[in-house]
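To start, the structure under review is shown below, and the notes come after it.
The values are calculated or read from the model by the stated rules, or taken from the named source; none is laboratory data. Predicted, not measured: the structure shown is a model, and the values here were computed from it. No Cβ is skipped: glycine too gets one built from the backbone with ideal geometry, and neighbour counts run over all protein chains shown. Please note that ligands, DNA and RNA were not included when accessible areas were found on the heavy atoms of the full protein model with its side chains. Shrake-Rupley method; radii C 1.70, N 1.55, O 1.52, S 1.80 Å.
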Amino acid sequence: MSDEKLPVVKADEGHGAVEVAEPIADPGIEPHEYRITDIDPKAADRVERQVSAMFTLAGVLALGSCVAYFAIPRDSVFEFGPLSGNANNMAIGLCIGLALFLIGAGAIQWAKKLMVDEEISEDRHPAHSSPEQIQDITEAFKQGAAESGFGRRTLIRRGLFTGLGLLGLPAVVLLRDLGPLPGRTLYHTIWAKGIRVVNDVTARPIKPADMIVGQLVNAIPANLPPLQEESAVEYQNARAKAAVIVVRIRPTEIRTKPGRENWGIDGILCYSKICTHVGCPISLYEQTTHHVLCPCHQSTFDLADSAKVVFGPAARPLPQLPLAVDSEGYLVAQSDFTEPVGPSFFERG
Amino acid sequence: MSDKEFPAPVKYLDDRLGIGKIGRKNLRKVFPDHWSFMLGEIALYSFIILLLTGTFLTFWFKPSMAEVEYQGSYSLLKGLHMSEAYASTLDISFDVRGGLLMRQIHHWAAVLFIAAMMVHLLRIFFTGAFRKPRELNWVIGFTMLFLGIIEGFIGYGLPDDLLSGTGLRITQGMIQASPVIGTYMNFFIFGGEFPGDDMVPRFFIVHVLLIPGIILLLVSVHLFLVVYHKHTQYAGPGRTNNNVVGYPLWPVYTAKAGGFFFVVFGITALMGALMQINPVWLYGPYNPAEVTAGSQPDWYMGWLEGSVRIMPGFESHFWGITLSWNLIIPALLIPPAFVTLVALYPFIEAWITGDKREHHLLDRPRNMPTRTGIGVAFMTFYGLLWIGGGNDLIATHFGVSLNNVTWFLRFAVFLGPVLAFWVTRRIAISLQRADNDRLLHGLETGVIVRSPEGAYSEKHTPVGGYEAYTLTARDRLLPLDIGPETDDNGVRAPRRALNKLRAKLSGFYFADAVQKPTREELEEAQAHGHDADEIHELTETETYREVTSDRS
Ligand code: HEM
Ligand code: FES
């Protein structure tokens, strides 16, 4: 092969392809080959019967789907291994699905076997306009532009652009009430000094003695459940930030961060349950390593070491809630979280 | 009735709209036939199915997050507090006859819609169908894929079950990570803090009106342009850049394409009847403090999920602000950059090759080794991210450590595409060589003959006229030449640096591509077909002799 010797095209010729005599001349479209159905009328009749049978069967199945709709009780169940399910649903679906399929298959069979299958050719024309058309349209445009005086009357032009441009403002401003401004909402949860830590299923307060070493409890603040009666939204929003996990670890295994010496009670520590990555609730706890894993992107936090990230895409430890014990001996919060919980945000600092 | 007059109803319309003139041009419009041209059709039909089944769902679905106590017939959730959206999805699934069927067809069609669009895009890419004059249609098609993915994701969020809520929570966290505007965008999109009670009604109207409306508009323009430009075709005997060879719209394509719509609809209906998808009643209502392990988004979100999963946890804190690189890079920079590259590829390639001609003949992927390599590199990148989206599943399934899978992928996403590019390009070039060998030396027959002198050689038969023509029906491609540094008067050519870069890229683009043989080479090869690689027709006796002479 003599690639190197081929002529090179200039950039201004605008393409990278070379015209050299074609090695083989175009022999033209292949001759048409006849199908059995073109030659043998019996074969054609057979196909006709096939196609019409498919269409008719489709009609029968369509009726069948209506019968199934009324005849099969809506709660009856069809049991057959992986194909189990609601019988009414399956029967209607099977009938309609098969009916649709048969209509389609019949039409395609008809087209492939019976309709004339000689290929035809159609010419293409370049997309661009002819020079005469270009000249025509350019003249028409220029004439219109001149008649309007758009080019000359700069005052009108500027006015128009200013007016139209400024109309974009209300289009944006009117969306302002889509939501409140963030303010400080992301910095607070409903935890506060003296709020009891309660089990998130039973809503019962927790005593240190209730927890054995190695145990992890999903908990919420005691002031969360009453919110549900007041407002379902407030309840969900508060829950999305206030959910915590309480864990008891052998005190000798805990590495306490300076300043957090009195945040735990006998090895009982409390952390936000909301992943600092993008906010999934973390869920899987491995006792032996004290690691919790977020199921969303597998960030792993070491609860014995201030919940610092040991693996995965999260960048910050889970915020810790300082614990105390109230006069009746139940676990309570010393205060709200000392930093925003959940995913990071720009203003967070 | 004579042929000079339309039947009454057609005449009525023709008198008012002149439909006869439109019909005359288009009834016998030619469409070429190839299986790969059906991919776009599948996408179109699944979209229509989505419109039909989606409308059915809107009759019962209540896009509201108001709290209700579930009293429907699914006993396991009876009495539970949940949003109206979730409760009505349960009603559609258990109390509306055919409702579950429609939900499942809707979801299967959504999955198929996006898969078909993606494969269709790959077909367009690898055959070069995006070249002039079709670049704008590529952009339209790409936009539809983009919108389709968003549409599907929002639809997944509507039922307000635990999985859909978790998906939205993740999205919310990503939005919140955007520098400067993240927190505000979040509060405006969700109407305040997450989850709030605005997201379902807002996403609903986007899902049933806004995005389908835009897609419908784009589909119409897309199809209009296909008809207007006329379909591309593969090169072959009688098929040139100036014609289109195939069957007429009326009747062959009317029957084939119309029939195919019913086939696609039928198959999605059967899937909806027999294959469970998104059984929301098993997940329970959304609760921001709960999540199920091993939760997975719909498949088309997997690559974003993977991109986020394999990113190490970097974050910067300074001047009172936080920059979450662990999200900015994998969610806000890489996917948009990737997607922009894909969307602009036709323009990039045209700039590099300097090709300004109209193209109506499709390339065989092997004949554009660099483009094909780039395509496979993109697919590899996408595929590796997608695998990353299931890193936990892979770890548990194959019993390897999650850390190792993740670390492997962190490197593989960069090295994999490079390797894939290089290997693919080499393969394409070898295939081109094989084609040329076939042209010059004919087919290997497996027939070994011994010459009177005792030398062994294999017989070759020349390839037939139609095939030979098809093999040569392609351009000779050469890198762009940008001319000399200075012209005759010693004036430096303008924008020299840019043009040099362009010439370099162009050289890279066409480097090593094998040109088809010239007429002389072909004639020469056929003339001296007497050495080891002989060319001549095989005869019966020779076939017979093969056996005996082989044994001798
Ligand atoms: C354009 C492409 C579309 C895609 C990709 C798409 C995708 C989806 C998906 C994945 C779901 C979740 C289904 C589930 O498992 O419950 C969904 C739900 C839904 N879609 Fe669509 N959809 C599309 C168009 C439409 C249209 C045009 C309508 C209405 C006119 C519609 C109405 C609905 C409704 C009401 C739901 C909630 C129903 C339920 O959850 O039971 N969709 N969509
Ligand atoms: S949300 Fe927890 S790892 Fe992503």
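Observations
- On the stretch given as region A:194-251, residues that are within 14 Å of chain B (Cβ to nearest Cβ), among the hydroxyl-bearing types (S, T, Y) and surrounded by fewer than 16 Cβ atoms within 10 Å (Cβ to Cβ) total 1.
- When residues in region B:272-291 are screened for being open to solvent by 30 Å² or more (accessible area, probe 1.4 Å), within 8 Å of chain A (Cβ to nearest Cβ) and in a helix (DSSP H, G or I), 1 of them pass.
Okay, residues lined up against (1) basic (K, R); (2) facing another protein chain (nearest Cβ under 8 Å); (3) in a loop (DSSP other than H, G, I, E, B):
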position	(1), (2), (3)
B:W422	no, no, no
B:D435	no, no, no
B:L440	no, no, no
B:E444	no, no, no
B:G454	no, no, yes
B:E467	no, no, no
B:L471	no, no, no
B:D512	no, no, yes
B:Q515	no, yes, yes
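- Single residue of region B:182-203 satisfying the filter (aromatic (F, W, Y) and surrounded by fewer than 21 Cβ atoms within 10 Å (Cβ to Cβ)) that is farthest from ligand 1 (Cβ to nearest atom): B:Y184
- Whichever residue in region A:78-118 is assigned to a loop (DSSP other than H, G, I, E, B) and either in contact with a Gly (Cβ under 6 Å, 6 or more places away or on another chain) or closer than 19 Å to B:F260 by Cα (or both) and, among such residues, is nearest to the other protein chains (Cβ to nearest Cβ): A:M115
- For first residues located in region A:263-275 and β-branched (V, I, T), partners that are within 16 Å of ligand 2 (Cβ to nearest atom) and in a strand (DSSP E or B) and lie 6+ apart or on another chain with Cβ distances below 8 Å form the pairs A:I274/A:P281.
- In the condition set (1) in contact with a strand residue (DSSP E or B) (Cβ under 6 Å, 6 or more places away or on another chain); (2) free of Cβ contacts under 8 Å to residues at least 24 places away in the same chain; (3) open to solvent by 30 Å² or more (accessible area, probe 1.4 Å); (4) not hydrophobic (A, V, I, L, M, F, W, C), B:N243 is compliant with all but (3).
- Where a residue in region B:85-97 is assigned by TED's automatic domain parsing to the domain that holds B:Q276 and its partner, wherever it lies, is part of a loop (DSSP other than H, G, I, E, B) and within 16 Å of ligand 2 (Cβ to nearest atom), with Cβ under 8 Å and at least six apart: B:Y86/B:Y286
- Residue, most open to solvent (accessible area, probe 1.4 Å), within region A:293-317, restricted to residues that are within 12 Å of another protein chain (Cβ to nearest Cβ) and assigned to a strand (DSSP E or B): A:K308
- Matching entry among A:T185, A:T189 (being in contact with a helix residue (DSSP H, G or I) (Cβ under 6 Å, 6 or more places away or on another chain), closer than 30 Å to A:I274 by Cβ and either surrounded by 13 or more Cβ atoms within 10 Å (Cβ to Cβ) or not assigned by TED's automatic domain parsing to the domain that holds A:K241 (or both)): A:T189
- Against the criterion of being open to solvent by less than 30 Å² (accessible area, probe 1.4 Å) and closer than 17 Å to B:F510 by Cα, B:R309 does not qualify.
- Matching residues in region A:195-207 - criterion: being modelled with pLDDT of 95 or more and either under 23 Å from A:S344 (Cα atoms) or not charged (D, E, K, R) (or both): A:I195, A:V197, A:V198, A:N199, A:P205, A:I206
- Selection within region A:268-291: residues that are open to solvent by less than 10 Å² (accessible area, probe 1.4 Å) and over 22 Å from B:G306 (Cβ atoms). The member of this set that is farthest from ligand 2 (Cβ to nearest atom) is A:I268.
- Unique match (being more than 16 Å from ligand 1 (Cβ to nearest atom) and in the same structural domain as B:T240 (by TED's automatic domain parsing)) among B:A350, B:A337, B:A331, B:A289: B:A289
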